[in-house]
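The values are calculated or read from the model by the stated rules, or taken from the named source; none is laboratory data. Source: prediction; values computed, not measured. Here the Cβ is made from the backbone with ideal geometry for all residues, glycine too, and neighbour counts use every protein chain on show.
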Amino acid sequence: MDAKQSFPGGYEYEQSLPVLTRPSASAPSTWSEADPNLHTDPYTTSMLSHPPTTTAPPSQTTALASAPNATTQQPAQPATTAAATTTTERNAPSKVRKPRKAANASAGKSTLFWVHTDPDSAASGTKEETLKRIRSHVMSEHNRKKRLENTKKYKGKSWKHLAFQPPETIPGGMGPPRPPASTPSSSSSSSRWGSNVSESPPSKHELVPTTTAVDYYPPVTADTATWVGQTWSDDSWDDSSYDGVVGYPTKSSRYSPWSYVGSGAHDPFNTGHTQLTDRMMRHLQNFLWDLTQEAHPLQTRYKPKLQAHWAALIQRDPAILHAAICMSTSNAAMQRGELPIRDPNQHRSALVVDTFHHRGETIRLVNEGLSDPVKCSSDELIAAVSTLLTIEIASGNPDYLKIHLAGLRQMIGMRKNFADVLPDVRFQINWTDIRVACMALTKPIFPFVRSTRPPRLTLLPPSDDVALCATRLLPLMKIPGIFSDSFSKIIYDLLELSWYAEWIKGSSGYKEFDEETEDYFNFEVLYVEYSLHADRYTPTGQIKGDNSIEGCTRLACLCFHNSAIWSFYPMLAPLLPKPLLALRAALEATIPTGLFALCRDLLIWVLFIGAACSQVMPSERTYFVTELAAATRMHGVTSWQECRSILLGFFHADRVHLVTLRQVWQEVQGRLEPAGV
């Protein structure tokens, strides 16, 4: 192994390696009888713990080449040299090299540090061991210089952008201890340990990400870091190059599973497609635990199933995630009176900011999904658009919503049929469609896929008062020309739904219906409301008109449904005013004609429903109460108890309407007394 190097002096020299062999006279018979100097290094001992399978015979020995500091040289034996040149043994020594010139030892750049500077130690080695030690030392020197450079870069740049600055170790007191006294194999031991530093870093220097931060920063951990620091070798230790930083990690381009740990306890391993902050997680929990329950007003055991459905959609697509968070924030903002925005100069709270941020994210992701032929008709994207439309209901612009409903219908048209959509997604679409129909008082756009009635379902009223429900409407159904067959069927459906609602929400406390029955009536809530809207139109799409007993009764049933089954009226009457306005217009047109002359009890119920649902609409409330006072006076009703007995024969629920009845009757009495005087 010859190497030539040029030095500033202008001359060259040949550098030769010592040949490490054993003299024939002192060759040990076994591996344990080797030179004791080799056993001073634990690493060498571990490498040489197993003897070779074959050893060279004593006759195949060669003379030692002179060491770098040798003054005498033994003559080579020709016979042994010839035997050495023809041997095929693995540890056979190479030919004799020229001695190293001592004058060039300190000229120019520093030469390599040869491990075996001791002739006695060199005499007991072999060529293979020497090469291993040389390579180990060269790599150790290279890694040491690289680590020093990384330390300087790390100290100057790595932590400037963070508020947290890593503590620096003072070389005098808190610095690492100096290594023990050097041994002939200390360089090899230090290089081996330095190359494996990243596998077992000091635990006291690990950086743990905080769990209270809102924003996410990819953490730097032991497995994702390249550890920098000094190596414990006597030949490579230099106090002047030590800068006081030992064992801190720097980022690596390769991430281990621990690099995906999030900044909170909600998603610690970052398994989702979107990193959730604490505030986002609170909004999401409100959507899954509260708003989804309100979407099914008669559920008792369906909540976990509904939460699992929406959670699965949210985990699969970020569009529905942002749509769900937007619904939660907009609902909270509306409850606080911050939405809709009436004053453009008013202060924007965090709820309003979150609403518009996640609304924008939802629109962006939906537009990206619509450009994908596979994703454009997926359940996740359809659910995101439907949820976004539900949020837009707060705008109060039904014409704007109809445009988006038409686009949603085109998305669903790419599926096999409407029944091919998931039932809960279909429920959300129908819910939004019916709310828009209630806002605009129009026919719903989407068809309704009714659930199959459970076999052997028999439902009885929970109390005697509930048993009187709709008993005054049934005789009218037998009179030709008053109620159509389609509306008569709706009355029966609403009657059965009212019985079930009283079982669930009433004072009976019985909720032991099976899951199939609960699922059926949860979807019947939408179906009955859908039927009340659709029955206003003929099969060809012509509007029937509301200026009739059937028209007024249909609108009153719709208002009852939105107050006793849903809880929309009276608080959301300004958002859904069209049914109440249409009911007033229909009564103004029919009462003067005398259509209710033979059924004044029906007129009393219709006027009471209008007055109960229009508490926050002063003009309509005044009209309904005034007409109710006139109807009760003509019918001979003198107390609210008598009025209640009349209302029980139609659709009435004491849990919702009893307190309102007393309030309305006080207003009625205020109008009856001046007339009596």
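Tabulated values for the structure
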item	result
Unique residue being of a type outside the set (Phe, Trp, Tyr), touching a Cys at 6+ places or on another chain (Cβ under 7 Å) and either assigned by TED's automatic domain parsing to the domain that holds Asn562 or crowded, with 20+ Cβ neighbours inside 10 Å (or both) when the list is Ile434, Ile391, Ile429	Ile391
Every pair of residues 6+ apart whose Cβ atoms lie under 7 Å, when the first sits in the stretch 282-309 and is touching a residue at least 24 places away in the same chain (Cβ under 8 Å) and surrounded by fewer than 16 Cβ atoms within 10 Å (Cβ to Cβ) while the second is not hydrophobic (A, V, I, L, M, F, W, C) and not in a helix (DSSP H, G or I)	Thr300/Lys511
Residue count, the stretch 563-576 (criterion: crowded, with 20+ Cβ neighbours inside 10 Å and farther than 23 Å from Tyr527 by Cβ)	2
Those residues of the stretch 647-677 which are without any contact (Cβ under 8 Å) to a residue 60 or more places away in the chain and of a type in the set (A, V, I, L, M, F, W, C), in sequence order	Leu647, Leu658, Val659, Leu661, Val664, Trp665, Val668, Leu672, Ala675, Val677
Any hit, the stretch 340-363, residues being among the small types (Gly, Ala, Ser), surrounded by 13 or more Cβ atoms within 10 Å (Cβ to Cβ) and either within 16 Å of Leu291 (Cβ to Cβ) or in contact with a Leu (Cβ under 9 Å, 6 or more places away or on another chain) (or both)	no
Given (1) in contact with a helix residue (DSSP H, G or I) (Cβ under 6 Å, 6 or more places away or on another chain); (2) farther than 21 Å from Leu580 by Cα; (3) not in a helix (DSSP H, G or I), index of the condition Phe650 fails	(2)
